[in-house]
1. Can you tell me which residue within the range 127-163, out of those that are touching a Lys or Arg at 6+ places or on another chain (Cβ under 9 Å), β-branched (V, I, T) and not in a helix (DSSP H, G or I), is farthest from G24 (Cα to Cα)?
2. Return yes when A80 is within 15 Å of L26 (Cα to Cα), in contact (Cβ under 8 Å) with a residue 24 or more places away in the chain, over 19 Å from the mean Cα position of the chain (by Cα) and in the same structural domain as E28 (by TED's automatic domain parsing) and no when it is not.
3. Being over 14 Å from H172 (Cβ atoms), touching a helix residue (DSSP H, G or I) at 6+ places or on another chain (Cβ under 9 Å), assigned by TED's automatic domain parsing to the domain that holds A165 and crowded, with 20+ Cβ neighbours inside 10 Å: is that true of F140 here?
Amino acid sequence: MTLTPATSLTLTLTLNPIEARVLGTLMEKARTVPDSYPLSLNSLMLGCNQKSSRDPVMELSEADVASALDSLMATGLVRANATGRVARYEHNFQRGAGVPEQSAVLLGLLMLRGPQTAAELRLNTERWYKFADISSVEGFLEELQDRSPDKGGPLVIKLARTPGAREQRWAHLLCGPVDEAQFAQSGVARGADGSPGTLARIEQLEAEVAQLKATVLMLCTELGVSA
């Protein structure tokens, strides 16, 4: 992680993918399972390695998570709660990054689930924060995109529309500049909600057509008629 001194956390914020996963998981669990929050190291690791609501899926070890925690605590984005026998951890993202609650929620979802449309973000944030409508989500995303240089510059980017997609997706910039070509390819191969994207649907249809042709040929042969 690269940050300016702790007195000015909002100026430059660059996480690596593991730090982003750890931070996003803490942000999620603070809102979805408050009775179990703050999280122990083991609970945090399990949350980071969830198979659902994660893109990409990761297999982090306790050492990976502990190293990320050390880095995040050094900058004030995460705090340790050592009042019990087991150390527990909580995030301090909203204050550390200098963003309002709604923006923090959107960034947390983008860190955990990858690029999403404004409509998908509104749906996926239901358990975190209830946005009034999609335009409200778009308003906060645009604020994050237009963030001034003295505050560290943009924290999200609106990606180019992928083939077959009706809406553009948004990606966070907390891990630095994004490779739009890579995201565009992933959007073609798979939808932002995990459903088959354009390429996957085409491949599925081609396979079904090939199977139908084979079936027709077999029936024609059995009936002694020309295909």
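The values are calculated or read from the model by the stated rules, or taken from the named source; none is laboratory data. All figures in this text were calculated on a predicted structure; none of them were measured in a lab. Cβ sites come from the backbone with ideal geometry, for glycine too, and all protein chains shown count toward neighbours.
1. T162
2. Working: within 15 Å of L26 (Cα to Cα): yes; in contact (Cβ under 8 Å) with a residue 24 or more places away in the chain: no; over 19 Å from the mean Cα position of the chain (by Cα): yes; in the same structural domain as E28 (by TED's automatic domain parsing): yes.
Against the criterion (within 15 Å of L26 (Cα to Cα), in contact (Cβ under 8 Å) with a residue 24 or more places away in the chain, over 19 Å from the mean Cα position of the chain (by Cα) and in the same structural domain as E28 (by TED's automatic domain parsing)), A80 does not qualify.
3. Working: over 14 Å from H172 (Cβ atoms): no; touching a helix residue (DSSP H, G or I) at 6+ places or on another chain (Cβ under 9 Å): yes; assigned by TED's automatic domain parsing to the domain that holds A165: yes; crowded, with 20+ Cβ neighbours inside 10 Å: yes.
Taking the combined requirement at face value, the residue does not satisfy it.
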